[in-house]
Structures are given as C-alpha cells and as structure tokens.
Amino acid sequence: AAPAGLAAPTPEEPVDETTERGEAWVIGGRITFERPRFSGDAQTIEGVVLPGLVDVHCHVGVTVGGAADEALAEKQAEADRDTGVLLIRDAGSATDTAWVHERADLPQLIRAGRFIARPKRYLRGFARELERIEDLPLAAAEEARSGDGWVKIIADWIDRDLGTDGDLRPLWPDDVLADAIAAVHAAGARVTAHTFAAEAAQSLLDAGIDCIEHGTGMTDAHIAEAARRGTPVVPTLLQVGQFASIAHQGRARFPAFAARMEAMYQARYAQVRQFHEAGVPLLVGTDAGGTIGHGTFAQECAEMVAAGVPARDVVAAATWVARRFLGAPGIEEGASADVVVFPDDPRADIRALAKPKAILLRGANVVTA
C-alpha cells in the first residue's frame, strides 16, 4: 500500500516519484510486478528501492591530464557503480569510451563525444579544438554522429590573451552557436554546454540549448527564461565548491577573473535554491573526472540539500526525473533491473543515499552491504 500522499499505481503502471509499490520481482534480469508462480528459492531484499542513480555530468575516461587509459576508465566506472550510479551521461570526453557499452558489469553510458572548444580556451588535452570559429556547426554535427545522442560545447572560458584583464568570455558568436545547435538537432541529437559566465547564458537559451552545465553566471532573467523553457540545469556544486581555490590561485595574474569566481562561489547555494524555487528543472551531476573523484554522487546530492532543495526533490532529480530526461526506463514492467536498495529512506534524510544495502545492475547483485 502507498503511504499517505502517494498514489497506489494500477498493476501496469510504473513506479515514479508520485507512486509506490509494496513489492516487485526480478526474473531474468528484468523487473516484474506480477508475482511468479514459484518463488520459494528467490532471494528477498527488503528496503527502500529506487531506480539506479543517474549522474548526468560525469567524465568516464578523463583524468587530470586529459584522456585516461582503459584500465583507469574501468576503475572510474566501477567507483560510480558501487555507489549506486547505474546510468551516466558522459558530459564530454577526451577519448572514445564506446567499449563501455559491451560491459554488462558497468553502468549504462550515454556519450557526448569530444568536448568542442577553441585553442587555448579550455583545459589542455581535453577538447576538439577548432581553429576556425565557423567550423563549429560541422564539428558539432560530426560529434552528434559519433556519440550517443549528445554533444558538449564549451560556451565560455577564461581568455588569457587579455592579460591582467583576462576573464570569462564566450567562445562563439551568437549566430555560429545557434547554427551549431540547429545542426545537432537536425542530426537527431541534443546539446549541452559548459557555461560559467553570465555573458554566454542568454545566447544558449535563445539558440535552444537542451541542457546547461554549471550555470553559475545565470542572472534572474536567465533563470526565469530557463524555467519558462523547461531547460534543465546541472549545478555541479562539488565543482563550484572549488571556485574559491581557483580564485585564490589566479588573483595576482587575473584579478577580474578571480573576483568573479569568488563571487560565484559565495552565491552558489543561494543560486541553486533560486533555480529550484523558480521551477528550473534540476539534474544531478558530479563533474567527476579531473579534480573531482568518481564515486561522489551522494556528496553532490547532499550539497544540493544543503543549498535548500528538499531531499525528496533531489532524490527525484537523481532518479526518475533524470531517467525520463534521458529516455531511460526506471522501475517499470519489463525494464532492466537496475535498482538500488537502501535500509533507510533517502527522501527523508539524504545521508541515507551514501549507504546502499544492495545494488542490482541488469539483475545481478553487484554490491551487498
């Protein structure tokens, strides 16, 4: 029976953030709500069952210097899996990780292909760097064909060529950016963009961007527009939590940039709370790879709660909401049994998310506490 305030679904309806079921079964690696005729030898796991967690901003195959080798990428994916992250949207990679698709013991991976940037306007060794600005639409269309339905564009980054005036600046003119996003949509894929700066946000929204990563520079007007359009934002609070350190390192050489990064660090919780209160769809992403370790998903969720987003809404964003956004099934009849079991309800206390009791990936119990 569903608790007060939650509806009881009909036999054929899936479970989501508004419904609950008392029991389900896994047969042949798939979920069923129909009680099997013979279940005497079945293993019983009791607890609060959620769909596999979804990290929508994660970099399997990326390390501090750029591309990670396959052995390290495997360890990264395993670290995420062992915390209950069973679906990852790669948010840009420095290498081809399509081989993960062949591994039944690793999370499902939806790849965005190579980051797209300009020379000296992103992390060295990470991106496909375009010498000619006008090549962005063609490059974006090519990445759309080589990935799994997503493309990642670097929309802004520090421009060091400005000397002591160096600060965050957009990489692309508005018309070229709009043409690139249109080219990706024509190829049947979607686009997400790295953006820290306020100067890039409106251009992305006007061009029909499908998702915004970080979004730390978004103003009140940008937030209202994202809410109106239903454009999701991935706050990556663990990453933004490093902005104060970045500001300190760059203060002597790039004072304007340092001041901006410090201000965004100070405003990070208030901004995420404003996103939520304005109705901007929020998704959860760790930005793991590089300076953020893999296996930190529960910490990212806890940061969102610390910012003022209710735990129930964070859990929904990390599971059902993200799965609908990515077109992946959750807990429904016939779906792959990718679920996480918790002894305590993370919707009541987000700290429970860090202590899974069991993790089933494609029906196999990969982790048992």
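Over all distinct Cα-Cα pairs of the stretch 28-77, the Kirkwood formula returns a hydrodynamic radius of 15.1 Å. For residue 20, the accessible area of its heavy atoms, probed at 1.4 Å with every protein chain present, is near 40 square angstrom. When DSSP beta bridges are restricted to pairs lying wholly in the chain, around 45% turn out antiparallel. With the alpha-carbon atoms of the stretch 238-369 aligned to their principal axes, the span from lowest to highest coordinate is 57, 31, 27 Å, starting with the largest.
Per residue, what accessible area does the chain have, given a 1.4 Å probe and all protein chains present, in Å²? Let's see the in-between values first.
Working: 15740 Å² over 369 residues.
Result: 43 Å² per residue.
Summary of the geometry: the stretch 12-56 and the stretch 333-369, compared by the centres of their Cα atoms, lie 11 Å apart.
On the protein heavy atoms, probe 1.4 angstrom, tell me the percent of accessible surface of the stretch 227-360 carried by carbon and sulfur.
Numbers: 2730 of 5220 Å².
The C+S portion of the solvent-accessible surface of the stretch 227-360 is 52 percent.
Subtracting the Cα-Cα distance of residue 25 and residue 175 from 0.36 nm times their residue separation leaves 48.8 nm of extension gain.
Under 5 Å between amide hydrogens, built in the peptide plane, is the criterion, and for residue 114 it picks out 93 among residues at least 5 positions away or on other chains.
Say R0 is 51 Å: what FRET efficiency, to the nearest 0.05, do residue 248 and residue 37 get from their beta-carbon distance?
Working: r = 65 Å, r/R0 = 1.28.
In this case the efficiency is close to 0.20.
For the stretch 167-189, the residues whose backbone nitrogen is under 19 Å from a point 7 Å from the Cα of residue 161, taken along Cα to Cβ, are 167-177.
The values are calculated or read from the model by the stated rules, or taken from the named source; none is laboratory data. Everything numeric here is computed off the predicted structure, so don't read it as measured data. We place every Cβ from the backbone using ideal geometry, glycine too, and count neighbours over all the protein chains shown. We work out accessible area using only protein heavy atoms, side chains counted, and drop any ligands, DNA or RNA first. Shrake-Rupley method; radii C 1.70, N 1.55, O 1.52, S 1.80 Å.
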